[in-house]
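The values are calculated or read from the model by the stated rules, or taken from the named source; none is laboratory data. What you are looking at is a predicted structure, and each value in this text was computed from that prediction instead of being measured. No Cβ is skipped: glycine too gets one built from the backbone with ideal geometry, and neighbour counts run over all protein chains shown. In case anyone asks, the SASA skips ligands and DNA or RNA and just uses the protein heavy atoms, side chains included. Shrake-Rupley method; radii C 1.70, N 1.55, O 1.52, S 1.80 Å.
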Amino acid sequence: MPAHPDHKPPFFVALLVATFVLWLCPLRAQADVYTFVAEDGVTHYSDRPDDSRFQLLLRQMPDGASDTPQIVVPDGLAATYAGDITDAARNHHVEAALLHAVIAVESQYNPRAVSPKGALGMMQLMPTTARAMGVSDPMNASQNIRGGAKYLRMLLDRFANNKSLALAAYNAGPAAVLSHGGRIPPFAETRFYVPQVLRRYNALVQQSTSNDAE
């Protein structure tokens, strides 16, 4: 959700709500969070999946492993767009693992995602950002991924390949990072967003390294 610190796409709102649910159940050593959308459009969250419609949204890591829940992406979604992500990564010199991580947090690989403020598609591009990146149809997954990769490359260049700052700028806007002395802005969402993306990125890199070693 580039350049808008108050811009929470649908999945990121769910992520924040689910994390709040985790904070409400501190007595359980490992409290996963489940969700489903009922027929009336109401989204339900629980750490006790007592309805067959519940699907895992966040997995709380064991004590000592992490203080932030792990995003769960439904099986197959990452693979569906792997080709587009690999191509965009190669063309714009951005690690595919980083693009996957951003997409997972921004939209959970939903090409039709729309935030309440108007951020669009897989990488939650604002219309102005999409146009600047040459994206004519932000709801087209391939175009959206290419535009998001191009924008992320620009931010990495601007912040000397510092992933934390580039991601903070992707979330809150480059001006917010610069106005706070080249540091991650003190916005709750941004402070939550950056470690979420980096945690998923590091896990993907570690998984790739393990696969290469086999």
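If you go through region 82-115 and keep only what is open to solvent by 30 Å² or more (accessible area, probe 1.4 Å), in a loop (DSSP other than H, G, I, E, B) and either under 13 Å from residue 150 (Cα atoms) or at pLDDT 95 or above (or both), you end up with 93, 95.
Of all the criteria given as (1) modelled with pLDDT under 95; (2) surrounded by fewer than 18 Cβ atoms within 10 Å (Cβ to Cβ); (3) not hydrophobic (A, V, I, L, M, F, W, C), the one not satisfied by residue 190 is (2). As a summary of the residue check, residue 118 satisfies the conditions (1) surrounded by fewer than 17 Cβ atoms within 10 Å (Cβ to Cβ); (2) under 20 Å from residue 91 (Cα atoms) except for the one numbered (2). Go through region 136-182 and give me each residue that's assigned to a loop (DSSP other than H, G, I, E, B) and touching a residue at least 12 places away in the same chain (Cβ under 8 Å). Matches in region 136-182: 138, 139, 140, 159, 173, 182. Residues of region 139-151 that are open to solvent by 20 Å² or more (accessible area, probe 1.4 Å) and out of contact with any Asp or Glu (no Cβ under 9 Å at 6 or more places or on another chain): 139, 140, 150, 151.
If only residues of region 122-135 that are without any contact (Cβ under 8 Å) to a residue 24 or more places away in the chain and part of a loop (DSSP other than H, G, I, E, B) are counted, the one that is surrounded by the most Cβ atoms within 10 Å (Cβ to Cβ) is 135.
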